[in-house]
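Read through the structure below, which is laid out as structure tokens, and then see the notes.
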Amino acid sequence: SIQLHASNQSVTFPGAVTFSGTVTGDNNTQDTGLPCFLATNSTQTNLTANQWSRLDFPTEAVDSGSAFAETAKFTPQTAGYYYVWAAYTTKFVTAAHWAHISVYKNGSAAFQDVRTNGRNSDYDNWTNMAIAGIVSLNGSSDYIELYANNIPDSGTTTLPVIERHFGAFRLGPN
């Protein structure tokens, strides 16, 4: 058994070396346990009034651990804290609206944000809804999705949603 305890020590073996058992290092190697994804969608959809709707992302720009599936769910197989971000662009039309964006963890809101169009007569405004936060995922069954809601002051006006992005990456162990 050879043990080196200082960072500047090394051992040189002349010729071939055969190992048996377990070989361990000093953890000074590249961490391959950093799953991440970025998914996008540029197809317009409409948010029904007064209803939380899951936003789908059929285009994967990055999916390092093949953990983004069903065009909406990210289920990483490495436990840890994850930085999550998302955005969508919507247009307030015909009435004042409250627009919501929420990251769901296992089917329930983990964190969310809300924006109104200012309740003025100029309803034809485009706005970018963005959110970011940190969530703990167990590395087996926990998953995240993106949801949006549209709450008009009156009526059942739908909101168009275009250009949406959803991504996450592992920060470290939890």
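Please treat every number below as a calculation from the coordinates, not as lab data. From a predicted model like this one, the values you see are computed outputs, not experimental measurements. With ideal geometry, Cβ positions are generated from the backbone for all residues, glycine too; neighbour counts draw on all protein chains shown.
Some points to look at:
- Applying 1/(1 + (r/R0)^6) with r as the Cβ-Cβ distance of Glu70 and Ser154 and R0 = 45 angstrom yields a FRET efficiency of 0.80.
- Look at where the Cα atoms of the stretch 55-89 and of the stretch 122-174 average out, and the two centres are 12 Å apart.
- Residue separation of Thr43 and Asp142 scaled by 0.36 nm, minus their Cα-Cα distance, works out to 32.9 nm of gained length.
- Inter-label distance, Ala132 to Trp52: 2.4 nm, where each label sits 7 Å from its Cα along the C-beta direction.
- Between Asn106 and Leu34, full extension at 0.36 nm per residue minus the direct alpha carbon distance yields a gain of 23.9 nm.
- Stretched out straight at 0.36 nm per residue, the stretch from Tyr83 to Val114 would grow longer than its current Cα-Cα span by 9.2 nm.
- Summing charges over all other residues whose Cβ lies under 13 Å from the Cβ of Thr71, with Lys and Arg as +1 and Asp and Glu as -1, gives -2.
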